[in-house]
Structure formats: structure tokens, C-alpha cells
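Encoded as C-alpha cells, the structure appears first; notes follow it.
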Amino acid sequence: MAKYGRKAQQKVKRAMHERKHGTLRSGRSGKRVTSRKQAIAIGLSEARRAGGKVPRRRSRSRSKSRSRSSHASR
């Protein structure tokens, strides 16, 4: 089964297109986005809000605690 739906594909495609032309802006600050990764993140975020099939975001706290515990065991 596919992880990402059609809506996610369309939103990311549009975000990448805007980034390429220099018209993609980030959230509140409105700064121009030049990073490819950030453009993909914006597209996926928009797809989530539009109700598209996109996996859930990874929580930041979980990844931090996991890395700490692995260092502690060494």
C-alpha cells in the first residue's frame, strides 16, 4: 500500500515548483524558502491540513529521548 496519497503528491509538486521559481514562502515569517527539504515539508503539511493521506509527523521529543538513552548505555 502506498504511504502517500495523490493529494500529497500534488501539494509537494506545487511547493517544489514555487521553490524553483523563488515564490515559496514559509509560514509566519514569510521568508523565501530555498531548501528542498523544507519545500517538501511545507507540501506535506498542506496535504495533511487538506485531509490527504500522509503519515503522521514524528514527534521531536521521542527522537531526542531515544538518542539520549542510547548514549547513556555506552
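Only residues that are touching a helix residue (DSSP H, G or I) at 6+ places or on another chain (Cβ under 7 Å) and either without any contact (Cβ under 8 Å) to a residue 12 or more places away in the chain or among the aliphatic types (A, V, I, L, M) (or both) were counted across segment 28-52, and they come to 7.
Taken over segment 1-27, the criterion of being surrounded by fewer than 16 Cβ atoms within 10 Å (Cβ to Cβ), touching a helix residue (DSSP H, G or I) at 6+ places or on another chain (Cβ under 9 Å) and small (Gly, Ala, Ser) is satisfied by GLY5, SER26, GLY27.
Residues in segment 19-74 that are charged (D, E, K, R) and at pLDDT below 85: LYS53, ARG56, ARG57, ARG58, ARG60, ARG62, LYS64, ARG66, ARG68, ARG74.
Summed over segment 1-47, the residues that are part of a loop (DSSP other than H, G, I, E, B), at negative phi and of a type in the set (Gly, Ala, Ser) give a count of 6.
The values are calculated or read from the model by the stated rules, or taken from the named source; none is laboratory data. Source: prediction; values computed, not measured. Ideal geometry is used to build each Cβ from the backbone, glycine not excepted, and the neighbour counts take in all protein chains shown.
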